[in-house]
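Heads up: the structure comes next, in structure tokens.
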Amino acid sequence: DVPDYLVPLSSQAVEVVKAIQVFTRQYDLLLPGRNDPSKVLSENTLNTAIRRMGYGEKLTGHGIRGTLSTALYEMGYPSPWIEAQLSHADDNKVRGAYNHALYVDQRRDMMQRWADYLDHLAATTTPFDSRSIPRHRP
């Protein structure tokens, strides 16, 4: 069972969701399982797709989460926003029990900046320069 979870998305991600819904609208899940549409898409399905795209030796579905986490930390975003976006529980059990903040507006802005940055990288032909990483300004 997967608990309810609020996921702020960039405008680019919303467009992808709309495109996927054309094919999955009849199901309760956005990414239904292949054999049982009442269950979520298997992690193995995602990893198989990654392998078929030629990235099997370099990337996994879970690795994508690690990449995003690392990049957002390097961009200067606060830990609570990043961990909330990844649906991670607070390691500090006392703080976790009392802090129920969702940081929705902050996370939405964070994900929009991340998506815009990825669009910039996709559009550029210049070599990567770490100084081009947009920094979060508190």
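The values are calculated or read from the model by the stated rules, or taken from the named source; none is laboratory data. Values in this document were obtained by computation on a predicted structure and should not be read as measured data. Cβ sites come from the backbone with ideal geometry, for glycine too, and all protein chains shown count toward neighbours. Please note that ligands, DNA and RNA were not included when accessible areas were found on the heavy atoms of the full protein model with its side chains. Shrake-Rupley method; radii C 1.70, N 1.55, O 1.52, S 1.80 Å.
Taken as a whole, the structure places P134 among residues that are open to solvent by less than 80 Å² (accessible area, probe 1.4 Å), more than 15 Å from S11 (Cα to Cα) and either assigned to a loop (DSSP other than H, G, I, E, B) or at pLDDT 65 or above (or both).
State all residues of region 61-76 that are open to solvent by less than 60 Å² (accessible area, probe 1.4 Å) and touching a residue at least 24 places away in the same chain (Cβ under 8 Å); if no residue qualifies, say none.
Across region 61-76, the qualifying residues are L68, A71, L72, M75, G76.
Of all residues in region 36-48, one or more are under 23 Å from A115 (Cβ atoms) and in contact with a strand residue (DSSP E or B) (Cβ under 7 Å, 6 or more places away or on another chain). Checking each residue in region 4-60 for being open to solvent by 100 Å² or more (accessible area, probe 1.4 Å) and either in a helix (DSSP H, G or I) or within 22 Å of M110 (Cβ to Cβ) (or both) picks out D4, E15, K18, F23, E43, N44, R51, R52.
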